[in-house]
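Please treat every number below as a calculation from the coordinates, not as lab data. In this text, all values refer to a predicted model and were calculated from it rather than measured experimentally. In this analysis, Cβ positions are derived from the backbone assuming ideal geometry, glycine residues included, and neighbour counts consider all displayed protein chains.
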Amino acid sequence: MGTLLIRNGRVLDPANKRDGNYDILIKDGKIAQVAPEISAEADHIYDATGLLVMPGLIDMHVHFREPGLEYKETIATGTAAAAKGGFTTVCPMANTKPVIDCVEMVQKLKAIIDRDAKVHVLMIGTVTKGLAGKEVCDLAAMKQAGIRMVSEDGKSVMDSGVYAKAMEICKEEDILVLAHCEDINLVRGGVMHEGVRSKELGLPGITSEVEDIITARDIFLARQTGARLHLCHCSTKTSVEMVRMAKEAGLPVSAEVCPHHFTLCDEDIPGDDGNYKMNPPLRGREDLEALRAGLSSGVMEVISTDHAPHAAQEKEGSMKTAAFGIVGLETSFALAWTELVKTGLLTPMQLVERMSAAPARILKIRAGALSVGYPADITIADPNQTYRIDKNTFVSKGKNTPFDGREVTGEIAATVVDGRIVYERKK
């Protein structure tokens, strides 16, 4: 595999409490040395002067659509988008077609990943067979086949008895539960947050209680079963408060916030535009501020994208008919740097914690740190590069974003996976 020397970058490594200019020597896909100056010979030298060098970013929540919906995204295109966005590890949800609900499907997905993935892909299985919410999958066998997590993402398991049974198995097997919190019986055809703006636009609303009721239930089930629970794409101020209370009670609960939810609120929706339709929806100004405060305090430990690509025709026209979802892998770091670091809400180290170290810790993987002997998964970014987001440059098949044309600062310069440069920006 050879050697790679990354020189003179500002290393941000919260796991090792390292913030300063260092060289990093990589041998045979592993980190061999981190020091202020390394004089060793190397097959390739990357000059990182003026750039940030971080443990590889980790996205705990993406949708790659394969198998079955390859016209939206594939493992190949999704992981290429991840590499361009600085991500070295991603976790694709299991709501494919067919869903990942048995050993056979896990093996099928693993074969595609082994063939096509450009970054590390951690497999997720469904909680119930066919995502039907009635019969718990053979979770122990699926773990043996390679899943690390389960999720019914795209919906909630509405039967609390079924979910409790699944969480008991997850506790026994040490499987992480990723929860999409949505009381489907309260959605009632809503397409955006219920508030002043939904009334102005004449669009049916989705109340915060749709999320909050299931968030509370899932936290109580985590308390009852002892299962590790990770709350996906939290969007309400009450969710933040409940996560804070769960942590204070010592429960095994973590939570994530997506860039669209800490950047935009319902007031920012210009009109009946399908690119602003996502689930959960863009909430109110108070919710946005609470999510930002939760990220700042560490109550909300993780930034994930909920990258959800769709074909162009599925997002055109009214929010009433458009699909839910937003792509995020290629805009996440820049939005986070612009909205959270440049505004002083997070330090650069805290951002790396939320996007790398904390996800690695929750996932229990050997990543999220620039430690000697660790896999050389590294993200290099230019903190001073300002540019306009252009959806036409996305390598993802999905172009569905409300951020097209938005000016941001912070560009991924290179992504290294197992010591190989898998993405490098054009000079």
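Legend: ranking of residues GLU70, GLU172, GLU194 from fewest to most surrounding C-beta atoms inside 10 Å; resulting order GLU172, GLU70, GLU194.
Compute the relative contact order of the stretch 57-363 as a whole-number percentage, counting only Cα pairs closer than 8 Å that sit 6 or more residues apart in sequence. Each step should come with its number before you reach the end.
Details: 647 pairs, mean separation 51.2, N = 307.
Result for the stretch 57-363 is 17 percent.
Distance between the modelled labels on LYS97 and ASN392, one decimal in nanometres: 3.0 nm (7 Å Cα→Cβ projection). Checking the cross-link pairs LYS237/LYS342; LYS27/LYS97; LYS27/LYS143; LYS84/LYS342; LYS199/LYS247 against a 29 Å limit on the alpha carbon distance flags LYS27/LYS97; LYS27/LYS143; LYS199/LYS247 as lying beyond it. Taking GLU209, GLU104, GLU301 as the candidate residues, the one with maximal mean-square fluctuation in a Gaussian network model of the chain, Cα springs under 10 Å, is GLU104. Fully extending the segment from LYS134 to ILE365, taken as 0.36 nm per residue of separation minus the present Cα-Cα distance, adds 80.1 nm. Between the beta carbons of GLU241 and ASP159, assuming R0 = 22 Å, the FRET efficiency works out to 0.25 to the nearest 0.05. The slack between ASP273 and GLU248, meaning 0.36 nm per residue of separation minus the straight C-alpha distance, is 5.0 nm. Placing +1 on the Cβ of every Lys and Arg and -1 on the Cβ of every Asp and Glu, with no other charges, gives the stretch 57-363 a dipole of roughly 420 debye about its Cα centre.
Per-residue ellipticity at 222 nm for the chain, helices alone: DSSP H runs ≥ 4 residues times -39500 (n - 2.57), over residue total, nearest 500 deg cm²/dmol? Intermediate results must be reported in sequence, preceding the final value.
Details: 13 runs with 118 residues, N = 427.
It comes out at -8000 deg cm²/dmol, rounded to the nearest 500.
Work out how much length GLU200 to ILE421 would gain on full extension: take 0.36 nm times their residue separation and subtract the Cα-Cα distance, in nm to one decimal. Present the calculation step by step, with values, prior to reporting the outcome.
Values: separation 221, 0.36 × 221 = 79.56 nm, distance 4.88 nm.
Stretched out fully, the GLU200 to ILE421 stretch lengthens by 74.7 nm.
The residue list PRO92, PRO36, LEU57 was ranked by how far each Cα lies along the charge dipole of the chain toward its positive end, using unit charges on Cβ atoms, and PRO36 comes out on top. Against the chain, whose longest principal axis is taken from its Cα atoms, helix 237-248 shows a tilt of about 70°.
Using C-alpha pairs below 8 Å separated by at least 6 residues, the relative contact order for the stretch 332-413 is 34 percent.
As a calculated quantity, the FRET efficiency between GLU209 and SER318 at R0 = 25 Å, using C-beta atoms, amounts to about 0.50.
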